[in-house]
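The values are calculated or read from the model by the stated rules, or taken from the named source; none is laboratory data. Remember, predicted model here, so these are calculated numbers, not experimental data. Cβ sites come from the backbone with ideal geometry, for glycine too, and all protein chains shown count toward neighbours.
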Amino acid sequence: MARTGVCLCRSACAWALPWVLGAVVVGWSVGVEAQNQDPFFLSNEAALTAGAVTAVSDDSGAPWYNPAGLVTIERSSININSSAFVLRFRKADNVLRLRLPDGGEDRATLRSLEVSSVPSSLVVSRRYGDDFSVALGVFVPQQDGIDVSADLNNASSFDGAQFDFGQRLTWTQEHTRYHVGPSAAWRLAPGLRVGGSFFAVYERIKLKEEFLSGSIAQDDRSFVFERFRSELTDLGTQLVLGVQWEMVPSLTLGVTLRSPVVVLSRTGEAESLVSDNRVAPMGPPALDLVFEQQNLDATGPMFSHPGRVHAGLSWDFGRGHVAIEGDVTGSVNSPELYAVNDTVFNVRMGANYYTSPHTELGFGLFTDYSGRPRPTTFREVRVDYYGATAGVAMSTARLLADSEPSDDLIFTTTIGLRYSLGLGEVAGLVFEPFDRLDDTETALVDVVFHEIGVHVGSAIYF
């Protein structure tokens, strides 16, 4: 850690408040991103049935959801799945509360609204006979951006002097994770399938925060500008193993074991700049500058995202299926990797129905509970999601010439809608500008988040 400059004492309001507000927003934003494990679905079937595909994965999502299902794909295929857009609205009312010396109180709301286009997956699969299939896939299970701003503007009196306060904070985050790798599946016996996927994992997180605070008391003016920036890039691996077993005709059990993400290499840096300026009628202007840099490079192995176990049942009733499943996510405690989670259980259920040989309808329900502990300090947040999906898939066959290896090509298009409601709490801050930092209070604030997504997927079977 390198430090330059000198830090001198100023009024508690001008110096302490920016650090408190900055810490609150940093903690809130990182927590919001980290709590949602499945922000969107990565295959056509999963988009139709709320991700309840562990026992029935038979499309391009098999390498991700259960590699054993890869061998049930009847033809070689190229699948391109894209969430056309995802809209996220996040809001926390009264998360910042400033108690003024005259007994009044100023409150700020943190909110963000993002619309993003997400290329969720690209998979190429190849079938070799009836009992063996391979695939190569690119999956994007995380892509998120947060843009938060808050303003406080107020006036109050203290010790016979009139003070005008003003603060503005902006905070942005970008987070993307890619999984790339091969998959293979075998049919060991009639009704028994096994498979595995090995992924190289690339993850990048960028954070930026800026805060400006000012106070005016007659001719005494104080201003503080604070900026924080960090960028992390992780390279790692993950292993996924799966099995599907038709216990009795039409009833299939599926189990998937997903290892933790093992970070092998990390590169990154963080820097902060704080400038404190004061102009008083008596004496020269004062300027204090503090600049810090930190190298975040590290070499693994380090665990970031925890392992998960999925288990589900699927019943085939002829013109469709009904599936239900649950998963358990293990605990992990790696604050430096933005991963602090308790063990958590989630459930999904879905069904599809073929109205014709070329048209499929689907719907489902899901939970996405947070594994984060209940907030106890202003750096923590916990939000649980409840959601539903609905969609339609359509296929069209095109005949080929007799000289071609296949009789036809089958083109499929899937359109799915997803809505999720996030309910939880964030630890807000109650602050009095002339108190010491250790006199501040935290108060839990209820939050409501909304996410809406449109999934568009295309596939060619040949």
query: Can you name every residue in the stretch 189-201 that is at pLDDT below 95 and part of a strand (DSSP E or B)?
result: A189
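In the stretch 291-311, what residues are farther than 22 Å from D342 by Cα, part of a strand (DSSP E or B) and in contact with a Lys or Arg (Cβ under 8 Å, 6 or more places away or on another chain)?
First pass over the stretch 291-311, keeping only residues farther than 22 Å from D342 by Cα: 291-300.
Those left that are additionally part of a strand (DSSP E or B): 291-295, 298-300.
Correct list: F291, E292, A298, T299, G300.
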- prompt: Which of (1) under 28 Å from the mean Cα position of the chain (by Cα); (2) at pLDDT 85 or above; (3) exposed (fewer than 15 other Cβ atoms within 10 Å of the Cβ) is the odd one out, the single condition D131 does not satisfy?
  reply: (1)
statement: Of those in the stretch 193-204 that are within 25 Å of the chain's Cα centre (by Cα), of a type outside the set (F, W, Y) and buried (at least 21 other Cβ atoms within 10 Å of the Cβ), the residue farthest from L287 (Cα to Cα) is S197
task: Being within 15 Å of D327 (Cβ to Cβ) and part of a strand (DSSP E or B) is the filter here, so list the residues in the stretch 358-383 that pass it.
output: G364, L365, F366, T367, D368
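Which residues, taken from the stretch 122-151, are assigned to a strand (DSSP E or B), out of contact with any His (no Cβ under 9 Å at 6 or more places or on another chain) and either in contact (Cβ under 8 Å) with a residue 60 or more places away in the chain or of a type in the set (D, E, K, R) (or both)?
Going residue by residue through the stretch 122-151, those that are assigned to a strand (DSSP E or B) are 122-128, 132-151.
Adding the requirement that they be out of contact with any His (no Cβ under 9 Å at 6 or more places or on another chain) leaves 122-128, 132-136, 147-151.
Across the stretch 122-151, the qualifying residues are V123, S125, R126, R127, F132, S133, V134, A135, D147, V148, A150, D151.
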- line: Wholly inside the stretch 1-101, helices (runs of 4 or more DSSP H) that include 3 or more residues that are at pLDDT below 65 and either closer than 30 Å to A286 by Cβ or among the hydroxyl-bearing types (S, T, Y) (or both) are 12-35
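Name the residue that is modelled with the lowest pLDDT, counting only residues in the stretch 366-381 that are surrounded by fewer than 21 Cβ atoms within 10 Å (Cβ to Cβ) and under 19 Å from the mean Cα position of the chain (by Cα). Spell out how you get there, then give the answer.
The initial filter retains those residues of the stretch 366-381 that are surrounded by fewer than 21 Cβ atoms within 10 Å (Cβ to Cβ), namely 367, 369, 372-374, 376-377, 379-380.
Now restrict to residues that are under 19 Å from the mean Cα position of the chain (by Cα): 367, 369, 372-374, 379-380.
Details: T367: 95, Y369: 90, R372: 81, P373: 79, R374: 81, R379: 61, E380: 73.
If we take residues in the stretch 366-381 being surrounded by fewer than 21 Cβ atoms within 10 Å (Cβ to Cβ) and under 19 Å from the mean Cα position of the chain (by Cα), then R379 is modelled with the lowest pLDDT.
Yes or no: F228 in contact (Cβ under 8 Å) with a residue 60 or more places away in the chain, in contact with a strand residue (DSSP E or B) (Cβ under 8 Å, 6 or more places away or on another chain) and aromatic (F, W, Y)?
Answer is yes for this residue.
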statement: Within the stretch 411-444, the residues that are more than 25 Å from M394 (Cα to Cα), at pLDDT 85 or above and not small (G, A, S) are L421, L423, E425, L444
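A quick yes/no check of all residues on (1) part of a strand (DSSP E or B); (2) farther than 17 Å from S57 by Cβ; (3) more than 21 Å from the chain's Cα centre (by Cα):
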{"site": "P182", "(1), (2), (3)": "yes, no, yes"}
{"site": "F223", "(1), (2), (3)": "yes, yes, yes"}
{"site": "E246", "(1), (2), (3)": "yes, no, yes"}
{"site": "L253", "(1), (2), (3)": "yes, no, yes"}
{"site": "R266", "(1), (2), (3)": "yes, yes, no"}
{"site": "D288", "(1), (2), (3)": "yes, yes, yes"}
statement: Of (1) among the hydroxyl-bearing types (S, T, Y); (2) part of a strand (DSSP E or B); (3) within 21 Å of K91 (Cβ to Cβ), T355 fails just (3)
- line: Selection over the stretch 260-272 where residues are surrounded by fewer than 17 Cβ atoms within 10 Å (Cβ to Cβ) and either among the charged types (D, E, K, R) or without any contact (Cβ under 8 Å) to a residue 40 or more places away in the chain (or both) yields a count of 5
query: Given the structure, is F211 modelled with pLDDT of 80 or more and in contact with a Leu (Cβ under 7 Å, 6 or more places away or on another chain)?
result: no
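Look through the stretch 273-309, keep the residues that are charged (D, E, K, R) and surrounded by 14 or more Cβ atoms within 10 Å (Cβ to Cβ), and return whichever of them is modelled with the lowest pLDDT. Steps first, please.
First, the residues of the stretch 273-309 that are charged (D, E, K, R): 276, 278, 288, 292, 297, 308.
After this cut, where a residue has to be surrounded by 14 or more Cβ atoms within 10 Å (Cβ to Cβ) as well, the list is 276, 278, 288, 292, 308.
Working: D276: 78, R278: 74, D288: 80, E292: 89, R308: 93.
Selected residue: R278.
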field: Number of the exception - D106 against (1) surrounded by 14 or more Cβ atoms within 10 Å (Cβ to Cβ); (2) without any contact (Cβ under 8 Å) to a residue 40 or more places away in the chain; (3) more than 28 Å from the chain's Cα centre (by Cα)
entry: (2)
- prompt: Is it true that some residue in the stretch 343-357 is surrounded by fewer than 14 Cβ atoms within 10 Å (Cβ to Cβ) and farther than 29 Å from M247 by Cα?
  reply: yes
statement: The residue from L239, L207, L257 that alone is in a strand (DSSP E or B), within 23 Å of the chain's Cα centre (by Cα) and crowded, with 17+ Cβ neighbours inside 10 Å is L207
- prompt: What are the residue pairs meeting all of these: first residue in the stretch 160-174, first residue modelled with pLDDT under 75, second residue of a type in the set (V, I, T) and surrounded by 17 or more Cβ atoms within 10 Å (Cβ to Cβ), Cβ atoms under 7 Å, and 6 or more apart or on different chains?
  reply: L169/V25
